[in-house]
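Comments concern the structure below.
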Amino acid sequence: MSKRLGWTVLLCAMTAMPAAWAQEETKDKTDATATATATAQAEASASADGEQDRAPARSAALPKLHIVWDCGDCEHNDKVPPLIEEAYAAEAQKHSAQVSADDTAEVAIVDIRQRPPGLRVAFGIMAGRDRLKLRIRYQGREYEANETSANIAQGLNSLSASVGRQAYAQLAGKAAR
């Protein structure tokens, strides 16, 4: 009886994985489109101001990120803040923007959940979702960047990179105005 139950659970898990992968690919494409749209809107806003205003907006320095933990008794992962900063700086460099050494945006990690890697790989979506949420405060405004994933191959590194890119898109849109 217990062998049948074990094989049934395994079979259900194997049939659910392709659907989870397809769902994750769709979500990744949607996130990439959202980031591209935000960047295009920022560039369109700059070009709408005229030719002279566009050059300073593109060369304007973005604030550096000061990341702190503000998620209560959540389990901190010390590799997350550097990964967010790295993705933010890479996205800025990709768009020929510079990160300021003096100007700072306050970033708080307000929610994080990381599935244990063994469970993530073994059970995929049945192990739940990884999640990461940031609150960004800059020049009196508040922004949010968040991401979730049930992907079996990508974990918190991928989420950190995604919220870093979202932080760039939000702050670049602010800086371009």
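Where a number appears in this text, it was derived from the coordinates with a stated rule and is not lab data. Worth saying up front: this structure is predicted, and the values here are computed from it rather than measured.
Just a few scattered comments:
- Under the Debye formula (equal points on every Cα, no solvent term), log10 I(q)/I(0) of segment 94-153 at q = 0.12, 0.14, 0.19, 0.21 Å⁻¹: -0.47, -0.58, -0.77, -0.82
- Taking amide H as placed 1.01 Å from N in the peptide plane, Q154 has no amide H partner under 5 Å among residues 5 or more places away or on another chain.
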